[in-house]
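J.: Below is a structure I'd like to ask you about.
The values are calculated or read from the model by the stated rules, or taken from the named source; none is laboratory data. Just so it is clear, the structure is predicted and the values come from calculations on it, not from any experiment. Note that we place each Cβ from the backbone using ideal geometry, even for glycine, and neighbour counts take in every protein chain shown. The area values use the complete protein model at the heavy-atom level, side chains included, leaving out ligands, DNA and RNA. Shrake-Rupley method; radii C 1.70, N 1.55, O 1.52, S 1.80 Å.
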Amino acid sequence: MSRHLTLSIVSTVPYSNLNRDDSGTPKRATIGGSLRALHSSQSIKRGIRVAYENASLDYSVRSGSLVNEVVAKALELQPEADEKALTKEAKKIIGALTKGAEKETEGGSDRSSWLSEEELTTAAYTALGRTDETFIEDGRTGSLAIAAFGRMFANAPTKNTEAALSVSPGVTTHPATIETDYFSTVDDIKERNGDSGATFLGVAQYTNGVFYRTVSIDREQLKKSWAGFGQEDSKENLRQLITAILYGMPRGKENSTAPYVQPALVLAEEQQYRTAYDFETPVQNGAEGGYLGATIDELAQQYAAARRFDPDNFGPVESLTGTYTNLDGKFGDLKAVSRKEFVENIVEWICQ
């Protein structure tokens, strides 16, 4: 039985700009000689983390202002404490982990660190002098999000947490275009007075397409990095994480486009060596338009080719779900199951 399981996720993302560069243009890459729209792995991980933490209430804080966060937490615990003394102690605590904390101002440091709520609370108790216990275990954390995506402490490498999940960028399986939208801001008073003209004129850029991305789970690393295994709510947290992987997306300009979609396909495969599929050759749209059917057909062909090449790389655990209507029989003998059953299959595999 392998320690790795890879999720291949295909989603049709409508007109949006979920992940943009410094000029405001949707991120893109040239692959196979054609321009593709791209969602960076960092933006996808952020989307997954936020979705997971909002659902599970297993919160963490990643910031360059953790000194201020520790002080605020300490003052909640002991309002009469001296804030200057707490700040001095908090800088020592966070400075032992990362560079720049000793220079942190009200605006924060230019170096981010990532702590769970439990770790922040313990750090606050330490700043108050009410405990001297080490508030971060070597290589472990009680936050499932941190265990999943990993963290690094420049000044305390033994406290680093190795990521248990590998997350690819999301890339369209076909050539993509960048569309320009001209917009104006209506001035209510001008309109009321019958005057012409807008308060602001501008342009924004958007794209759309069928995106393919992967998330690979290292079960053994997750058990090393996450201190929550075996606790009463550990399976429920894992369910929330897997669900967040399915739904979690980048969040740029989401209030302007509301591009919230369910995945068309999610394929889980147990693997000895972690592998994904590729769309170096862009798929062509079907006779009736659209790229989704062609994308799933191409993925099914690569699924079969991978097993012809090395059948021993794939373990017995597989599962398939998604909103696409013709999934049954496309991937070996797999039949599509509900999201709930799919998530349960993955959680059971992790806990073995």
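J.: Per-residue counts of other Cβ atoms within 10 Å, averaged by peptide: what ranking do you get for 201-212, 180-191, highest first?
T.: The packing order, highest mean first, is 201-212, 180-191.
J.: Share of Cα-Cα pairs in region 262-302 beyond 17 Å, in percent?
T.: Of all Cα-Cα pairs in region 262-302, 39 percent lie more than 17 Å apart.
J.: Can you give the translational diffusion coefficient of the chain in µm²/s, computed by Stokes-Einstein from the Kirkwood radius over Cα pairs at 4 °C and 1.567 mPa s?
T.: Here the translational diffusion coefficient equals 57 µm²/s.
J.: Pull up the cross-link candidates among the lysines for Lys73, meaning alpha carbon to alpha carbon under 27 Å and not fewer than 8 places away within one chain.
T.: Lys45, Lys84, Lys88, Lys91, Lys92, Lys99, Lys103, Lys159
J.: Okay, helix-only estimate at 222 nm for the chain: each DSSP H run of n ≥ 4 adds -39500 (n - 2.57), divide by all residues, round to 500 deg cm²/dmol; what do you get?
T.: It comes out at -10000 deg cm²/dmol, rounded to the nearest 500.
J.: For Val50 and Glu191 in the same chain, what is the full-extension length gain: residue separation times 0.36 nm, less their Cα-Cα distance, in nm?
T.: This chain segment gains 46.8 nm when fully extended.
J.: Counting pairwise Cα distances across region 196-267, what percent come out greater than 20 angstrom?
T.: Cα-Cα pairs in region 196-267 separated by more than 20 Å: 55 percent.
J.: Arranged from highest to lowest average of other beta-carbon atoms within 10 Å per residue, in what order do the peptides 10-19, 252-261 appear?
T.: Taking the mean over residues of other Cβ atoms within 10 Å, the ranking is 10-19, 252-261.
J.: Provide, for q = 0.10, 0.11, 0.14, 0.16 Å⁻¹, the log10 of I(q)/I(0) from a solvent-free Debye sum over equal Cα point scatterers in region 1-132.
T.: -0.52, -0.60, -0.80, -0.90
J.: What is the Cα centroid distance between region 133-161 and region 215-249, reported in whole angstrom?
T.: When both Cα centres are located, 16 Å separates them.
J.: Now for a separate question. With a Förster radius of 35 Å, plug the Cβ-Cβ distance of Thr25 and Leu77 into 1/(1 + (r/R0)^6) and report the FRET value to the nearest 0.05.
T.: E(calc), rounded to 0.05, equals 0.15.
J.: Just the number, please: carbon plus sulfur as a percent of the accessible area of the chain, 1.4 Å probe, no ligands or DNA/RNA counted.
T.: Result for the chain: 47 percent of the exposed heavy-atom area is carbon or sulfur.
J.: Which three semi-axes in whole Å describe the equivalent ellipsoid of region 133-196, each the square root of 5 times a Cα gyration tensor eigenvalue, listed largest first?
T.: After diagonalising the Cα gyration tensor, the semi-axes are 50, 23, 10 Å.
J.: Please work out the FRET efficiency for the pair Glu280 and Glu118, using the Cβ-Cβ distance as r and a Förster radius of 35 Å; give the result to the nearest 0.05.
T.: It comes to 0.20.
J.: Which value, in Å² rounded to 10, gives the accessible area of Ser338 with a 1.4 Å probe and all protein chains present?
T.: Accessible area, nearest 10 Å²: 60 Å².
J.: Right, something else. Measuring from a point 7 Å past the Cα of Ser34 along Cα-to-C-beta, which residues in region 275-296 have an amide N at less than 18 Å?
T.: 277-296
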